[in-house]
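Colleague: Dropping a structure here in structure tokens format, bear with me for questions.
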Amino acid sequence: LTLRNVIIENAAIAWENAIHVENGTLIMENCIIRSPYNAVNLTNGTSAILKRNVFENTGSQSSVGIIAEITPGANELSIINNTIVGYDPGMDLVLNEDTQNILSVMNNIIYHQNNGEVGIHNDFAYYDNGVEMDYNLIYGYQTNLSDDHMPLNQHAITGDPAFLNVQYGNYHWLCSMI
């Protein structure tokens, strides 16, 4: 399944997810999902590349931006250059036993305007060196990362990303004169 330049408004299909992929491949670029439910759910051997997307929670504060269960059979999961707003947690990542996969979570903004609980929840009971997580900005959560096994890497930052207008869904950055 390939989605490029798509806007999904207030959608929830099977299992209360705007997009649910099992046993397949999802390539998603330049999409906007505004949903009161989970934005993307990847399970059972799904491989995915998610880059340059905006995921905005328009409903329940307990919905998850990206749910990814990495199981044997999945080749790669790359979550790169996305903006995730208002989901709690922003991401829920599970790495299962016997996976020899590469997980990259890089250059994302995970933002909560109402003091969310966890920015990235991860269950890496079987953590290996195939996990790469860095250069992410996490803001507005009580806990940025829920697992001590996967600390925020050296280039990760926390702080207000200074969006132009969160209330109206404008997630461009305010730029100051340098």
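Readers should treat all values here as calculations from the given coordinates under stated rules, not as data from a laboratory. Bear in mind the structure is a predicted one, so any value in this text is a computation, not a measurement. Positions of Cβ are backbone-derived with ideal geometry, glycine not excepted, and every protein chain shown enters the neighbour counts.
Colleague: When a/c reaches 1.5 or more, the comparison of a/b and b/c decides; with that in mind, is segment 7-59 rounded, prolate or oblate per its Cα gyration tensor?
Modeller: Numbers: a/c = 2.61, a/b = 1.28, b/c = 2.04.
Oblate.
Colleague: What are the residues whose amide H is under 5 Å from the amide H of residue 70, where those residues sit 5 or more places off or on another chain and H is modelled from the backbone?
Modeller: Residues meeting the amide H criterion: 94, 95, 96.
Colleague: Fully extended, how many nm does the chain gain between residue 113 and residue 29 (0.36 nm per residue separation, minus their Cα-Cα distance)?
Modeller: Roughly 27.8 nm would be gained on extension.
Colleague: Calculate, in nm to one decimal, what residue 62 and residue 16 gain on full extension: separation in residues at 0.36 nm each, minus their alpha carbon distance. Intermediate results must be reported in sequence, preceding the final value.
Modeller: On the way: separation 46, 0.36 × 46 = 16.56 nm, distance 1.21 nm.
Additional length available on full extension: 15.3 nm.
Colleague: Then there is this: With the crude spin-label approximation of a point 7 Å out along Cα→Cβ, what separation in nm comes out for residue 135 versus residue 123?
Modeller: 3.0 nm
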